[in-house]
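The values are calculated or read from the model by the stated rules, or taken from the named source; none is laboratory data. Keep in mind that what you see is a predicted model, and the values were worked out from it rather than measured. When we count neighbours, we look across all protein chains shown, and the Cβ atoms used for this are built from the backbone with ideal geometry, even at glycine.
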Amino acid sequence: MPSTYLIKEGSFWKNIFVSNCNKKKEPKTNLKSNIMMRKITKSKAMILMAVSMFIIAMSQIASRFITLNDFTKGSFIGVGIGLLLITLVFGDFKSVRK
C-alpha cells in the first residue's frame, strides 16, 4: 500500500506530500544567463537615457544656485551615471543591417 493511502484523505499532510511528489523538476538556470537575457526595449532605453541625463543636468544646475554638500552632489551624479550604464548594457540598440 503506498504511503499516500496511509494518510487520512483530505488531510493537510497528504496535500503537502502529493503536491511535493507531483512537482516537475525545473531545469536549473544560471543567474548570469537570466540577467543577460533581459533586454529593455529601444523606446524605454531612450526614455531612461533622457531621465538619467536630466538627473545629472539638474544636479549641476542645483549645485550652481544652491549650496549642496558633496554627498548630495555625488549621489545625484552617481544615480545618473548608473542609469546611463544600465541603459547602455541592457538596452536593445540593434543597428539596421542590409
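Results, tabulated for the structure shown:
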| read-out | value |
| --- | --- |
| Which listed residue, of F76, F93, is at pLDDT below 85 and surrounded by 10 or more Cβ atoms within 10 Å (Cβ to Cβ) | F93 |
| Output for the range 73-98, where each listed residue is in contact (Cβ under 8 Å) with a residue 12 or more places away in the chain, of a type in the set (V, I, T) and out of contact with any Ser or Thr (no Cβ under 7 Å at 6 or more places or on another chain) | V79, I81, I86 |
| Within the range 55-73, considering residues that are of a type in the set (V, I, T) and either in a helix (DSSP H, G or I) or at pLDDT 95 or above (or both), the one nearest to the chain's Cα centre (by Cα) | I55 |
| Residue, nearest to T87 (Cα to Cα), within the range 46-64, restricted to residues that are of a type in the set (V, I, T) and free of Cβ contacts under 8 Å to residues at least 24 places away in the same chain | I47 |
